[in-house]
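Engineer: Here it is, the structure in full.
The values are calculated or read from the model by the stated rules, or taken from the named source; none is laboratory data. Just so we're clear, the structure is a prediction, and the values are computed from it rather than from any experiment. Note: ideal-geometry Cβ built from the backbone for every residue, glycine included; neighbour counts use all protein chains shown. All accessible areas refer to the heavy atoms of the entire protein, side chains included, with ligands and DNA or RNA removed. Shrake-Rupley method; radii C 1.70, N 1.55, O 1.52, S 1.80 Å.
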Amino acid sequence: MVWTPAHTRLFLEEAQRHRLFALYRLIALRGLRRGEACGLRWKEVDLDSHTLTVNWQLVQLAWQVHEGTPKTDASVRTIALDTDTAQVLRAHRQQQLQERLAMGEAWTDSGFVFTQPDGSRLHPQHVSDQFLWLAYLAGLPPIRLHDLRKEDQAEPGKLISIRG
């Protein structure tokens, strides 16, 4: 099954209410791989310049999570962010700061953009599981999370408007 741009739009509309919305938006509209999104750190995001740099990824081997360099040399790259995506990342940062305050000393300062509510790194499988759940809630046919980033779904750099 392949999603159309309309399917992707419906998915992103459903995902807007999820705490990892910004992650799914980056995968769908900017072409990040799951591991690249999970491995993204705030120090690699420049919201004033509307860019982020992919230097690392989290990979899952069996159930263990490891940090490594991206899949290929060409995968190390700087990605331009549109104004809306930069705003979504700003809102995500505020949400993360609120979670940090709520956790107090139990917060783990991992530096990752996308974390568990306690600040620890995400498990890539959790991201995939949540994706499938959100697609189900949106009434969409199941696809792999990786297929969300395919160029025939949402070309990196091509915007898909979403309501809300």
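Engineer: What does the helix-only formula give at 222 nm for the chain: each DSSP H stretch with n ≥ 4 adding -39500 (n - 2.57), the total divided by the residues, and the result rounded to the nearest 500 deg cm²/dmol?
Structural biologist: My calculation for the chain gives -11500 deg cm²/dmol from helical runs alone.
Engineer: Where does helix 83-103 land angle-wise versus the long Cα axis of the chain, in degrees 0 to 90, nearest 10?
Structural biologist: 40 degrees
Engineer: Here is a follow-up. I'd like the orientation of helix 21-30 relative to the chain: the angle between its Cα long axis and the longest Cα principal axis, in ° from 0 to 90, rounded to 10.
Structural biologist: Helix 21-30 sits roughly 50 degrees off the main axis of the chain.
Engineer: Compute, for region 2-122, the length of the dipole vector about the Cα centre, with Cβ point charges of +1 (Lys, Arg) and -1 (Asp, Glu) only. Units Debye, rounded to 20.
Structural biologist: Taking the Cα centre of region 2-122 as origin, the dipole is about 220 debye.
Engineer: Right, something else. Would you please classify the overall shape of region 86-139 from the alpha carbon gyration tensor, given that a ≥ b ≥ c denote the square roots of the eigenvalues, rounded means a/c under 1.5, and beyond that prolate means a/b larger than b/c while oblate covers the rest?
Structural biologist: In terms of gyration-tensor shape, prolate.
Engineer: Could you give the length gained on full extension between VAL2 and GLN98, defined as 0.36 nm per residue of separation minus the Cα-Cα distance, in nm?
Structural biologist: 30.9 nm
Engineer: Now for a different question. With a probe of 1.4 Å, find how much accessible area the chain has per residue, and write the answer as a whole number in Å².
Structural biologist: Accessible surface, normalised per residue, equals 51 Å².
Engineer: Residues with amide H under 5 Å of ARG41's amide H, sequence separation 5 or more or different chain, H placed in the peptide plane at 1.01 Å from N; which?
Structural biologist: VAL113
Engineer: Further question on the same structure: Ignoring solvent entirely, what values of log10 I(q)/I(0) come out of the Debye formula for the chain at 0.10, 0.12, 0.16, 0.21 Å⁻¹ when each Cα is a single scatterer?
Structural biologist: Once normalised to I(0) and log-transformed, intensities are -0.34, -0.50, -0.92, -1.60.
Engineer: With an 8 Å Cα cut-off and a minimum separation of 6 or more residues, compute the relative contact order for the chain in percent.
Structural biologist: It comes to 35 percent, rounded to a whole number.
Engineer: Explain nothing, just compute: Karplus ³J(HN,Hα) = 6.51 cos²θ - 1.76 cosθ + 1.60, θ = phi - 60°, for every residue of region 53-70 in order, whole Hz, x for Gly and Pro.
Structural biologist: 10, 8, 10, 9, 8, 9, 10, 9, 10, 6, 9, 6, 10, 10, 9, x, 7, x
Engineer: Hey, with R₀ at 45 Å, roughly what FRET efficiency would GLN87 and LEU61 work out to, going by the Cβ-Cβ distance, to 0.05?
Structural biologist: Result of the calculation: an efficiency of 0.80.
Engineer: So for the pair VAL76, GLN125, with labels modelled 7 Å out along Cα→Cβ, what separation do we get in nm?
Structural biologist: So the label points at VAL76 and GLN125 sit 3.0 nm apart.
Engineer: Something else about it: Can you work out the Karplus-derived ³J(HN,Hα) for every residue in region 121-138? Use 6.51 cos²θ - 1.76 cosθ + 1.60 with θ = phi - 60°, whole Hz, and x for glycine or proline.
Structural biologist: For region 121-138, the Karplus curve yields 5, 7, 8, x, 5, 4, 4, 5, 4, 5, 4, 4, 5, 5, 4, 4, 4, 7 Hz.
Engineer: Rounded, prolate or oblate for region 1-92? Axes are the square roots of the Cα gyration tensor eigenvalues, ordered a ≥ b ≥ c, and the cut-off for rounded is a/c under 1.5.
Structural biologist: Note, shape of region 1-92 comes out oblate.
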